[in-house]
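A quick write-up on the structure given underneath.
The values are calculated or read from the model by the stated rules, or taken from the named source; none is laboratory data. All figures in this text were calculated on a predicted structure; none of them were measured in a lab. No Cβ is skipped: glycine too gets one built from the backbone with ideal geometry, and neighbour counts run over all protein chains shown. What goes into the accessible areas is simple: the full protein's heavy atoms, side chains included, and nothing from ligands, DNA or RNA. Shrake-Rupley method; radii C 1.70, N 1.55, O 1.52, S 1.80 Å.
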Amino acid sequence: MKMTVKTAYWKSQELVMIGVFAAAIKLSSLLIALAGGGMNPVTLMLKNLVFTTLLIVLLAKVRKSGTLLLFTAVSMIVSVLLMGGSITLLPAALVGALAAEFAIWLTGGFKHSWSTYVGVAVYDLGTKLFSVAVSYLMMRETPALILSVLPIIFIGYTGCLLGLFTGYRALKELRHAGIVRS
């Protein structure tokens with residue numbers, strides 16, 4: 001009689017990596033906001049830059065489908081339970097993660113290193129756009145409030161685009177150091 005052994009999709013090392021990066025990203029975002037004196041344009045851009053850079057490093061270390069979804073779930077749990085974040089951000093984050101996973105799949109999966117950059121850009125843009133769409137539905141009577149938020153989102157997404165470049169540079173250095181092997 002032949003026994004078949006099922007191997008788990010996620011290794012415990014990968015799960016720990018996702019959890020550590022989710023906590024590190026949340027903590028660094030909080031520290032940047034506190035050190036910068038609140039959410040001004042510079043700290044908003046810097047927070048998104050660090051978020052994107054660390055997310056690119058995470059996706060280079062854990063090159064599997066579903067990583068962004070799992071990261072989003074863990075990140076929201078950390079945000080809600082430990083930092084007092086709002087659970088209403090969960091649908092937008094999940095839609096952004098699904099869009100990013102789909103974009104990575106469309107660009108060839110994790111076979112190409114550049115597909116992670118596309119995925120992270122789509123993740124951030126999808127999360128922000130879906131959040132604005134939900135806010136617009138909630139504030140239909142005063143759409144001018146949504147227009148006042150658009151420059152803030154633009155500044156944040158500029159930080160994300162800069163983070164794609166710094167993520168590329170950080171990944172290059174981490175590969176040279178032998179920390180990331182992909």
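Please determine whether any residue of segment 151-172 is part of a helix (DSSP H, G or I), farther than 21 Å from Ser29 by Cβ, hydrophobic (A, V, I, L, M, F, W, C) and touching a Ser or Thr at 6+ places or on another chain (Cβ under 6 Å).
The answer is no; no qualifying residue exists.
Would you point out which residue out of Val42, Val78 is at pLDDT below 90, assigned to a helix (DSSP H, G or I), open to solvent by 20 Å² or more (accessible area, probe 1.4 Å) and farther than 20 Å from Tyr168 by Cβ?
Val78
Pick from segment 45-72 the residues that are in contact with a Ser or Thr (Cβ under 9 Å, 6 or more places away or on another chain) and open to solvent by 30 Å² or more (accessible area, probe 1.4 Å): which of them is nearest to Ser29 (Cα to Cα)?
For segment 45-72, the residue satisfying everything is Lys47.
Restricting attention to segment 28-39, which residues are under 21 Å from Leu59 (Cα atoms) and at pLDDT below 90?
Across segment 28-39, the qualifying residue is only Ser29.
Given Thr127, Thr88, Thr72, which one is in a helix (DSSP H, G or I), within 16 Å of Val57 (Cα to Cα) and among the β-branched types (Val, Ile, Thr)?
On inspection, the qualifying residue turns out to be Thr72.
Please indicate, with yes or no, whether at least one residue in segment 22-38 is part of a loop (DSSP other than H, G, I, E, B), out of contact with any Ser or Thr (no Cβ under 6 Å at 6 or more places or on another chain) and either in contact (Cβ under 8 Å) with a residue 40 or more places away in the chain or surrounded by fewer than 14 Cβ atoms within 10 Å (Cβ to Cβ) (or both).
Yes, segment 22-38 contains at least one residue that is part of a loop (DSSP other than H, G, I, E, B), out of contact with any Ser or Thr (no Cβ under 6 Å at 6 or more places or on another chain) and either in contact (Cβ under 8 Å) with a residue 40 or more places away in the chain or surrounded by fewer than 14 Cβ atoms within 10 Å (Cβ to Cβ) (or both).
Given the condition under 20 Å from Leu49 (Cα atoms), surrounded by 16 or more Cβ atoms within 10 Å (Cβ to Cβ), touching a Gly at 6+ places or on another chain (Cβ under 7 Å) and modelled with pLDDT of 90 or more, answer yes or no: does some residue in segment 169-176 qualify?
Looking for residues that are under 20 Å from Leu49 (Cα atoms), surrounded by 16 or more Cβ atoms within 10 Å (Cβ to Cβ), touching a Gly at 6+ places or on another chain (Cβ under 7 Å) and modelled with pLDDT of 90 or more, one finds none in segment 169-176, hence no.
Residue check: is Val95 open to solvent by 40 Å² or more (accessible area, probe 1.4 Å), assigned to a helix (DSSP H, G or I), of a type outside the set (D, E, K, R) and within 15 Å of Ala60 (Cα to Cα)?
When the stated conditions are applied, Val95 does not pass them.
Among residues belonging to segment 45-69 that are assigned to a helix (DSSP H, G or I) and β-branched (Val, Ile, Thr), point out the one that is nearest to the chain's Cα centre (by Cα).
Only one residue fits best here, namely Thr52.
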